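Below is one structure, written out as structure tokens; comments come after it.
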């Protein structure tokens, strides 16, 4: 085994944790207020950090850490609910909980790393526990990374390096395939260091910043069962029509497929054999298309069609296929103006404040004076409206663009609202005169605080409308802002309507006001986001 330098917490004689051995730890745990997860997490973080500095035998450290695992897992899962699936950037309170949660995972990793270092050094009694120690270190590396994905935060290169180094040690000690038990897994308790490593690698390869909370949980469910299907070897694996998939154990990045052109230098390559995983995915996708239920295919009771099939196809592309070249995407480095939320987008596309159609209001004396002086009513009040209601346009940078999308960055310190996955966005790049509509396909908050977004452009030119429900019982209902998109024949995209989330029902009739009042029947749902629904429609005769 090549020498690996561990970055371990410094042992200090002045360390004074509340417990110094496993018996004292179990007694201390009885008084940790698990009903108050905020306080419990603070106590666990403080004491595990202190214990990692405490001088004790490696075997006693291992036994103590094992006693802590269940309580740590409980508070971490509960605390993660406070920052998972939230809009970005995080609020201060969410960011603080996220920092404490990832710090506790890191401290658990560091504690087991102390023990793994002792095993690698052949300390008395520790070599026989090498497989368990490597699996635990890899598990906590993976959990820290997974909670970054759940919060849509950037995983650092340091975390990738720590993951690869832990597997390298397991491989060097010859225990990568040795089975151990991990009862904190939800269903499958049998594990090996290689399986644990694969779970982390494949999650990182699944483009997690594009996945919803539910989808990411499903990926975790699958990989608890399927990570064992991926093997590692020192030589490239022959896969027809697919370039080799390789990870560098000396590197700090996720696996990538070789292209033969401009590949990054790889110092300690391991090649991933995903042929068994490919077969499993293909078989299940095929059976789902034939009408088989997800539950009968061991995909869980919560997985429903057609979203189940769509996600499996997405994962197949991420894990098992070479990514197509993106020659059409070009770097542009230009400024863009951005807005989100329907009422603000409607305001900027229409150029005026939304008012109820058909409501006649008398001119004020001030407005009469303005007409007499300038020939029109001043728009200054409407110009101020954006500031009063928080509709100020945000300044973003367009990093690169393609025909169908934009990759954008809101720099650190640039003011702006929070953004959610799947949200409707209006963007006006460069010197363009008009806004385009887009959906936030993926989001990630960088370690520097910058907000990164991938926007999928919606086809068509946007126009503002007002809409309300139709029928006798809603005659006095107010209109709400909505939008339409024109037909784009080249993309075979028909005219569509964008309504607030929850409005769509097949064949529902709504009242639409543009220049006049229209009755419109909603037809096929085309897109659904967190705050909007896009559908085709038919204008009904009077």
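Got a sec? Which of 87, 35, 91, 24 is surrounded by fewer than 17 Cβ atoms within 10 Å (Cβ to Cβ), in the same structural domain as residue 145 (by TED's automatic domain parsing) and at pLDDT below 95?
That would be 91, the only listed residue that is surrounded by fewer than 17 Cβ atoms within 10 Å (Cβ to Cβ), in the same structural domain as residue 145 (by TED's automatic domain parsing) and at pLDDT below 95.
Determine which member of the set 490, 482 is outside any loop (DSSP other than H, G, I, E, B) and surrounded by fewer than 17 Cβ atoms within 10 Å (Cβ to Cβ).
When all the criteria are applied, what remains is 490.
Would segment 508-524 turn up any residue that is at pLDDT 95 or above and under 30 Å from residue 409 (Cα atoms)?
Among the residues of segment 508-524, not one is at pLDDT 95 or above and under 30 Å from residue 409 (Cα atoms), which makes the answer no.
What's the total number of residues in segment 45-85 that are over 27 Å from residue 209 (Cβ atoms), in a loop (DSSP other than H, G, I, E, B) and either touching a residue at least 40 places away in the same chain (Cβ under 8 Å) or touching a strand residue (DSSP E or B) at 6+ places or on another chain (Cβ under 8 Å) (or both)?
4
Residues in segment 201-223: is at least one part of a loop (DSSP other than H, G, I, E, B), surrounded by 15 or more Cβ atoms within 10 Å (Cβ to Cβ) and out of contact with any strand residue (DSSP E or B) (no Cβ under 9 Å at 6 or more places or on another chain)?
Within segment 201-223, one or more residues are part of a loop (DSSP other than H, G, I, E, B), surrounded by 15 or more Cβ atoms within 10 Å (Cβ to Cβ) and out of contact with any strand residue (DSSP E or B) (no Cβ under 9 Å at 6 or more places or on another chain).
Looking only at segment 168-190, how many residues end up being part of a loop (DSSP other than H, G, I, E, B), over 26 Å from the mean Cα position of the chain (by Cα) and exposed (fewer than 14 other Cβ atoms within 10 Å of the Cβ)?
4
Suppose the filter is in a helix (DSSP H, G or I) and crowded, with 20+ Cβ neighbours inside 10 Å; does residue 131 pass it?
Yes, satisfied.
Every residue, every condition in (1) crowded, with 16+ Cβ neighbours inside 10 Å; (2) over 21 Å from residue 355 (Cα atoms), yes or no:
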site: 470; (1), (2): yes, no
site: 523; (1), (2): yes, yes
site: 526; (1), (2): yes, yes
site: 533; (1), (2): yes, yes
site: 536; (1), (2): no, yes
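Report yes if residue 8 is at pLDDT 95 or above, surrounded by 13 or more Cβ atoms within 10 Å (Cβ to Cβ) and either assigned by TED's automatic domain parsing to the domain that holds residue 173 or out of contact with any helix residue (DSSP H, G or I) (no Cβ under 8 Å at 6 or more places or on another chain) (or both), otherwise no.
Details: at pLDDT 95 or above: no; surrounded by 13 or more Cβ atoms within 10 Å (Cβ to Cβ): yes; either assigned by TED's automatic domain parsing to the domain that holds residue 173 or out of contact with any helix residue (DSSP H, G or I) (no Cβ under 8 Å at 6 or more places or on another chain) (or both): yes.
So residue 8 does not fit the description; no.
Give me a count of the residues in segment 232-256 that are surrounded by 15 or more Cβ atoms within 10 Å (Cβ to Cβ), out of contact with any helix residue (DSSP H, G or I) (no Cβ under 8 Å at 6 or more places or on another chain) and assigned to a strand (DSSP E or B).
Residues that pass the stated criteria total 3.
If you take the residues of segment 409-424 that are within 10 Å of residue 394 (Cβ to Cβ) and touching a residue at least 60 places away in the same chain (Cβ under 8 Å), which of them is nearest to the chain's Cα centre (by Cα)?
The selected residue is 419.
From the list 194, 213, which residue is more than 20 Å from residue 77 (Cβ to Cβ) and not assigned by TED's automatic domain parsing to the domain that holds residue 451?
Going through 194, 213 in turn, the sole match is 194.
Looking at segment 192-207, can you tell me whether even one residue there is more than 21 Å from residue 162 (Cβ to Cβ), without any contact (Cβ under 8 Å) to a residue 24 or more places away in the chain and under 27 Å from the mean Cα position of the chain (by Cα)?
no
Considering only residues that are modelled with pLDDT of 90 or more and farther than 12 Å from residue 166 by Cβ, look in segment 120-130 and name the one that is nearest to the chain's Cα centre (by Cα). Explain how you work it out, then say what you get.
So in segment 120-130, the residues modelled with pLDDT of 90 or more come out as 126-130.
Remaining after also requiring farther than 12 Å from residue 166 by Cβ: 126-129.
Numbers: 126: 38, 127: 38, 128: 38, 129: 35 Å.
If we take residues in segment 120-130 being modelled with pLDDT of 90 or more and farther than 12 Å from residue 166 by Cβ, then 129 is nearest to the chain's Cα centre (by Cα).
Identify all residues within segment 260-307 that are surrounded by fewer than 17 Cβ atoms within 10 Å (Cβ to Cβ), within 26 Å of the chain's Cα centre (by Cα) and modelled with pLDDT of 95 or more; write none if there are none.
Listed by number, the list holds a single entry, 282.
The values are calculated or read from the model by the stated rules, or taken from the named source; none is laboratory data. Please read these numbers as outputs of a predicted model, since none were measured by experiment. With ideal geometry, Cβ positions are generated from the backbone for all residues, glycine too; neighbour counts draw on all protein chains shown.
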